[in-house]
Amino acid sequence: MLKSLFILFISLLGILKWVIEVHGESGFCSAPSSSSENKIILESESIYHKVTNPTLSPIHLRDLPGFTRSVYRKDHAVITPESHVFSPLPDWKNTLGAYLVTPAMGSHFVMYLAKMEGLSRSALPPQDVERFIFVLQGTVTVTNVSGTVKKLLVDSFVYLPANFEHSIQCETTASLVVFERRYASLQIHMPEQIVGSTDMQPLLDTPGEIFELRKLLPTSAAYDFNIHIMDFQPGEFLNVKEVHYNQHGLLLLEGQGIYRLGDNWYPVQAGDAIWMAPFVPQWYAALGKNRSRYLLYKDVNRNPLL
């Protein structure tokens, strides 16, 4: 009897240890940190620290070599942090990049992460290519041809028109998400450099929906794409099951949820990137106990026949 109780006690200790290890690891659907832990994180890390320092190998997946949540299909892709491959960005100084979306997938834009080290500097995009930069971690400065200097902090952004002379510089370290595409010119409309931050953008009406929406670029015809910041509280979801001609590139900045793409349902969390081709059915629902926020590229203001 005593031997049986001892064996049961040892078994229970083993289970308890496993539960502590699994749920003590920050990962998808993990328990939220205490308020004191959250305070320490907020004081020492970027608000998007889970994007720049993701949980690449949750403890309960370490016995599954080769496992990844990344998926590539003809009309969508989910690229998760354990699949990122960083290499020197062409012509950038002291900067590593990981391309998440490129025309090789079928997109007409690129989306990539740029990790700038000390005394780093950007290169210009190719001829006729416009650029949008959003700061995830650190601080960078933007200098244009006229010598105007703008400092970008976390949650700040800059739009740079095609063939616009500029330089992005970093004295220490910074992480950026960058979108580039060949500008679809209308000739009579000319876009301008835009510098701003998420909290400067007004909340917009979303008829029939409950999420919060901000647009980072003007909606005028001069701009052939926009970047949306969309916030969902836990349990909120898209009402419309969208099917449209616009392409999307998405980076989940905070939180976690479920994304439907075509007939597939994917658990996603901060740090995950998604490409959506035209007309792929798409839908999102936020899970967990904290806000879910994502940054979304969307092409706009152009006739699909052109």
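Data overview
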| read-out | value |
| --- | --- |
| Candidates 188, 194, filtered to the one that is surrounded by fewer than 19 Cβ atoms within 10 Å (Cβ to Cβ), of a type in the set (Val, Ile, Thr) and in contact with a Phe, Trp or Tyr (Cβ under 8 Å, 6 or more places away or on another chain) | 194 |
| Residues being touching a strand residue (DSSP E or B) at 6+ places or on another chain (Cβ under 7 Å) and either outside any loop (DSSP other than H, G, I, E, B) or over 12 Å from residue 300 (Cα atoms) (or both) - total across the range 203-231 | 16 |
| Entirely in the range 63-158, the strands (runs of 3 or more DSSP E) that have 3 or more residues that are among the charged types (D, E, K, R) | 109-121 |
| The range 180-219 - residue that is of a type in the set (Ser, Thr, Tyr) and without any contact (Cβ under 8 Å) to a residue 60 or more places away in the chain and, of those, farthest from residue 89 (Cα to Cα) | 206 |
| Hits in the range 128-176 - residues which are surrounded by 15 or more Cβ atoms within 10 Å (Cβ to Cβ) and modelled with pLDDT under 95 | 144 |
| Conditions (1) closer than 18 Å to residue 298 by Cβ; (2) buried (at least 16 other Cβ atoms within 10 Å of the Cβ); (3) of a type in the set (Phe, Trp, Tyr); number of the one not met by residue 266 | (1) |
| Residue match in the range 252-262 (condition: among the hydroxyl-bearing types (Ser, Thr, Tyr), out of contact with any Gly (no Cβ under 7 Å at 6 or more places or on another chain) and over 23 Å from residue 99 (Cβ atoms)) | no |
| Residues of the range 164-202 that turn out to be farther than 15 Å from residue 123 by Cα, in a loop (DSSP other than H, G, I, E, B) and hydrophobic (A, V, I, L, M, F, W, C), as a count | 4 |
| Filter pass, residue 111 being at pLDDT 95 or above and in contact with a Gly (Cβ under 8 Å, 6 or more places away or on another chain) | yes |
| Filter result for residue 90 (under 30 Å from residue 226 (Cβ atoms) and either among the aliphatic types (A, V, I, L, M) or modelled with pLDDT of 90 or more (or both)) | yes |
| Odd one out for residue 123 among (1) closer than 20 Å to residue 97 by Cβ; (2) under 21 Å from the mean Cα position of the chain (by Cα) | (2) |
| Pick from the range 108-127, criterion buried (at least 22 other Cβ atoms within 10 Å of the Cβ) and among the hydroxyl-bearing types (Ser, Thr, Tyr), ranking: farthest from residue 226 (Cα to Cα) | 120 |
| Residue within the range 200-215 that is within 27 Å of residue 128 (Cβ to Cβ) and either at pLDDT 95 or above or surrounded by 19 or more Cβ atoms within 10 Å (Cβ to Cβ) (or both) present | yes |
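The values are calculated or read from the model by the stated rules, or taken from the named source; none is laboratory data. All values reported here derive from a predicted model rather than from experimental measurement. Backbone-built Cβ (ideal geometry, glycine too); neighbour counts: all protein chains shown.
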